[in-house]
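The values are calculated or read from the model by the stated rules, or taken from the named source; none is laboratory data. Because the structure is predicted, anything quoted here is derived from the model rather than measured. Cβ sites come from the backbone with ideal geometry, for glycine too, and all protein chains shown count toward neighbours. Just the protein is used for accessible areas: all its heavy atoms, side chains included, with ligands, DNA and RNA removed. Shrake-Rupley method; radii C 1.70, N 1.55, O 1.52, S 1.80 Å.
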Amino acid sequence: MASEGAARDEGNDAGRKGDGYGTLRLVFAFIVVIDHTPILTGRGNSFMPAESGVDLGAVSVGAFMGLSGYFIMRSWQRDPNLWRFWVRRLLRIMPGLAVVLALTALVLGTLTTTLGKREYLAHPATWSYVGDNLLLFPQQYVLPGVFTGNHYPGAVNGSLWSLPVELLGYVLIALLGLLITFSRSRIVMVVFALSMAVLLQRMVIGQLTLPPVLLLVPIFPLLQYLGMYAVGAAIWLYRDRLRLSWFGVLLCVGVDFTLYSSAMVEVARIFTLPYLVVAIGHLLPRRLWLPNWLTVANYGVYLYGFVVLQTLLFLGVGPPWLVAAAAVPIALGCGLISWHVVEKQAMKLRRVLIRRPARKPEPAGEPGSGTSDEQTEEFPPVGPAQPAPAPASS
């Protein structure tokens with residue numbers, strides 16, 4: 001595969017020192033925390049003006065989806081075994097999720113609820129918040145009496161909505177990965193991506209009406225992000241034919257800019273955004289790489305960022321720029337603690353639950369070579385808050 005920057009790769013040493021993909025993930029996580037601030041403070045849906053056609057939160061979650069599809073498809077091809085695949089996936093996302101849910105419901109909730117502590121702890125919604133969100137389907141966004149005085153009381157942690165989409169992405173890779181493994185026909189991933197694009201295009205022009213929610217997830221982002229997931233996977237599958245270049249990046253940006261005033265830009269981004277982020281991650285100069293000891297926090301930033309924002313607003317912090325500026329370093333600290341104390345430790349269970357087969361060597365110039373699996377392939381997307389149920393009554 002033709003690849004600029006191949007000479008920069010130095011095997012696993014590059015993965016330990018840092019990489020472009022981890023850098024992008026952390027940057028996108030920060031952007032999402034910052035871009036949640038307008039909606040939580042009543043100042044709009046995004047820091048970007050509506051006429052720009054860019055919702056920073058939505059673009060960030062799409063970027064995560066494209067990167068996840070790319071790296072998880074790589075992981076599947078290196079070890080196409082369903083048991084080991086699901087052990088890796090679930091050990092990566094569930095322990096950190098379980099801890100943030102427990103801390104939010106049992107610690108933060110008791111300190112911020114308008115109910116008495118006994119009444120709060122006896123309320124069924126306090127415990128279903130943990131149980132339902134661990135199951136991912138359905139999700140519960142509110143805790144009884146918590147943040148009810150905030151401008152946006154409908155979600156304690158609105159970012160959790162995107163985890164079911166990530167899980168469905170895992171299902172997509174597992175099912176189509178099996179088909180690709182047995183049929184040796186990688187075009188099925190492209191066909192799936194095109195199918196999602198066609199459905200979305202029919203919705204945009206009004207020729208197709210689908211239920212607003214499918215599989216308990218809003219239908220529009222579900223179709224779009226699964227399409228991006230498939231395109232990310234296809235980029236990995238066709239890495240021998242598809243060139244990653246700055247020209248390609250500029251071409252994708254040009255397409256988005258041309259369509260920015262049209263709803264069709266949302267369809268085009270199914271293809272442009274995954275290429276853009278995979279290419280930038282691969283081509284990003286080494287001097288711009290952030291170290292892995294920092295970038296490993298990006299999942300924790302996702303898990304805690306929204307809660308941190310709501311807590312700061314509960315405490316009366318303002319204006320919005322100050323809320324965002326304070327939330328980013330706090331979320332980063334929470335993310336680092338989550339990685340070292342919870343996530344990294346939980347992943348050691350892989351040694352008990354699975355036997356890792358010998359990995360197939362990868363050419364040094366392939367995008368993604370020289371990066372650690374733990375820090376690239378298995379971090380969920382960071383999503384903007386979606387409309388949530390009304391707060392639980394006190």
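What the table below lists for this structure:
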| item | result |
| --- | --- |
| Stretch gain in nm, segment HIS151-VAL87, where the contour uses 0.36 nm per residue and the Cα spacing is subtracted | 19.1 nm |
| Theoretical gain in end-to-end length, LEU103 to ASP240 [0.36 nm per residue, Cα-Cα removed] | 44.8 nm |
| Most positive-pole-ward Cα, ILE205, PRO367, PHE192, against dipole of the chain from beta carbon charges | PRO367 |
| Surface accessible to a 1.4 Å probe, per residue, for the residues of the chain, Å² | 42 |
| Protection proxy ranking, peptides 100-109, 340-349, average beta carbon neighbours within 10 Å, highest first | 100-109, 340-349 |
| Mean Cβ count within 10 Å, highest first, over the residues of peptides 179-187, 228-236, 204-212 | 228-236, 179-187, 204-212 |
| Inter-site label distance for MET264 and SER128 at 7 Å from Cα along Cβ, in nm | 4.5 |
| Per-peptide average of other Cβ atoms within 10 Å, ordering 142-148, 319-325 highest first | 142-148, 319-325 |
| Cα lying deepest toward the dipole's positive end in the range 237-294, options THR272, SER261, GLY248, charges on Cβ | GLY248 |
| Portion, in percent, of the accessible area of the chain that falls on carbon or sulfur, probe 1.4 Å | 67 |
| Spin-label pair PHE314/LEU288, simplified geometry with 7 Å Cα→Cβ offset, distance in nm | 3.8 |
| Prolate/oblate/rounded call for the range 218-296, Cα gyration tensor, a/c under 1.5 rounded | prolate |
| Listed residue (VAL87, CYS334, PRO153) projecting farthest to the positive dipole end of the chain, Cβ model | VAL87 |
| Choice from GLY281, GLY22, GLY316 with maximal GNM fluctuation in the chain (Cα, 10 Å cutoff) | GLY316 |
| Reported label for calculated semi-axes √(5λ) of the Cα gyration tensor in Å given (i) 36, 27, 17; (ii) 33, 24, 21; (iii) 55, 24, 22 | (ii) |
